[in-house]
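Questions regarding the structure given below will be posed in turn.
The values are calculated or read from the model by the stated rules, or taken from the named source; none is laboratory data. Everything quoted here is computed from the prediction, not taken from an experiment. Methodologically, a virtual Cβ is constructed for each residue, glycine included, from the backbone with ideal geometry; neighbour enumeration extends over all protein chains shown. Accessible surface areas use protein heavy atoms only, side chains included; no ligands, DNA or RNA. Shrake-Rupley method; radii C 1.70, N 1.55, O 1.52, S 1.80 Å.
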Amino acid sequence: MRTRIIEGMANLDYRTAGESHGQALIVLIEGLPSGLAIDEAAINDALRRRQGGFGRGGRMKIEQDKVNILSGVRAGVSIASPVALQIANKDWRINQAPPIHRPRPGHADYAGSMKWLTTDCRATLERASARETASRVAAGAVAALLLREFGVEVVGFVIQIGAAKAAIGADLSADALRTARDASEVYCPDPATSVAMIEAIKKAKSDKDTIGGIVEVRAFGLPPGIGSCARWQDKLDGRIMGAVGAIQAFKGVEIGLGFGCAGRPGSQVHDELDSDPSQQGTANLGFIRRSNNAGGLEGGMTNGMPLVVRGVMKPISTLLKGLDSVNLKTRAAERSDYERSDICAVPAASVVAEHVVAFEIARAFLEKFSGDTMEEMRAAHAYFLDSARRLSSG
């Protein structure tokens, strides 16, 4: 992760450490202001959701992820020093785990073995495993606590598994999306599509195959101007797409209408502006759009509309029936190794996407409203909104 310097202080950032079958996962979060209430139960709830979802494998029956706060928090409140979080692994057997010489097509096994000049894929898969995403969920859960202090809510859910695809209304609130999502075994807000998704997962399992899908994340309550167009590195859309695209097994990311923009003329793509004085007190400052094809981002900055991002997760590369591969020691043609895995992890991936997006928003939010303390951040946020409203009111 890159770290930029703002007035001598580290920007909000995080790093992760740990292997799939190592002793623990570790998260180090730097740049949090002091005075943020750290709700440990909220972090654990996010970790619990990441472990759930129809289609998960046996590992999820072993682990019961809970965070252990090691530093940076005193009496439940951040103190501005680095926050270290630990998630213990019950399935800790990295030293006893057998070597793997037959790489799984689609996994990091082969590329990592060539990179580190070994015929044993074990070292690569231990870090490349999706188990690492528990760390990113924990970091994002802390970021979500920061955003909620300013009325920003981030919600992730599933819109497609296999051929089963849901159309989720653009007018649903964050609370409505959460309620509908949490009632579904596959984290899809549409009940009928959820049933079809479960059937698709069952069929993949009976075929000894795997199945992928698409997740969506929406962020509500963002004022315009978060992010920047001044430097390409600061464009919020690029940062969000990078974070989502870096999730294990993700192969595509779009914002708003995304790839759908290619088949439409500009008159059917760009979101025309209206003014509604009755909404001037909200985060959008009273400027509303007739559509949200931009997904809440224009020129690398938020525009006051809900942020909408989607990512596609490919089917998991560990198949019960294996795939044609080669033994790296002998070069003989063999079937790929089986490492305990899931049939479908798209529901879990929606939780990961939700939290990596939350962290990128929080990072940009803190750049805009920087301060050593939450009190300073609140003052900067209030000053900006007041100034923007006075500006737009003439």
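Listed here are the residues, each with its yes/no results for (1) surrounded by fewer than 22 Cβ atoms within 10 Å (Cβ to Cβ); (2) in contact with an Asp or Glu (Cβ under 7 Å, 6 or more places away or on another chain); (3) modelled with pLDDT under 95; (4) of a type in the set (Ser, Thr, Tyr).
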site	(1), (2), (3), (4)
LEU145	yes, yes, no, no
GLY151	yes, no, no, no
VAL158	no, no, no, no
ALA166	no, yes, no, no
LEU177	yes, no, no, no
TYR187	no, no, no, yes
ASP207	yes, no, yes, no
ARG218	no, no, no, no
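With ALA219, ALA204, ALA249 as the choices, which residue is under 14 Å from the mean Cα position of the chain (by Cα), touching a residue at least 60 places away in the same chain (Cβ under 8 Å) and closer than 22 Å to LEU320 by Cβ?
Going through ALA219, ALA204, ALA249 in turn, just one is under 14 Å from the mean Cα position of the chain (by Cα), touching a residue at least 60 places away in the same chain (Cβ under 8 Å) and closer than 22 Å to LEU320 by Cβ: ALA249.
I've got another one for you. Condition check: of a type in the set (A, V, I, L, M), more than 16 Å from ILE361 (Cβ to Cβ) and modelled with pLDDT of 95 or more. Does LEU257 satisfy that?
Yes: the conditions hold for LEU257.
Could you tell me which residue of the stretch 201-218 is farthest from VAL352 (Cα to Cα), considering only residues that are of a type in the set (A, V, I, L, M) and in contact with a Cys (Cβ under 8 Å, 6 or more places away or on another chain)?
Per the criteria, the residue is ALA204.
Among LEU385, LEU391, which is open to solvent by 40 Å² or more (accessible area, probe 1.4 Å) and assigned to a helix (DSSP H, G or I)?
Result: LEU391 is the single residue among LEU385, LEU391 that is open to solvent by 40 Å² or more (accessible area, probe 1.4 Å) and assigned to a helix (DSSP H, G or I).
Additional query: Out of the stretch 285-334, which residues are open to solvent by 20 Å² or more (accessible area, probe 1.4 Å), assigned to a loop (DSSP other than H, G, I, E, B) and β-branched (Val, Ile, Thr)?
Result: ILE316, THR330.
Just to confirm my filter: which helices (runs of 4 or more DSSP H) fall fully inside the stretch 90-153 and include at least 3 residues that are in contact (Cβ under 8 Å) with a residue 40 or more places away in the chain and among the β-branched types (Val, Ile, Thr)?
Qualifying helices (runs of 4 or more DSSP H): 133-148.
When you scan the stretch 238-260, do you find a residue that is assigned to a loop (DSSP other than H, G, I, E, B), surrounded by 11 or more Cβ atoms within 10 Å (Cβ to Cβ) and among the basic types (Lys, Arg), even just one?
no
Of the conditions (1) touching a residue at least 40 places away in the same chain (Cβ under 8 Å); (2) farther than 19 Å from SER336 by Cβ; (3) not aromatic (Phe, Trp, Tyr), ALA75 satisfies every one except a single condition; which number is it?
Looking at each condition in turn, ALA75 falls short on (1).
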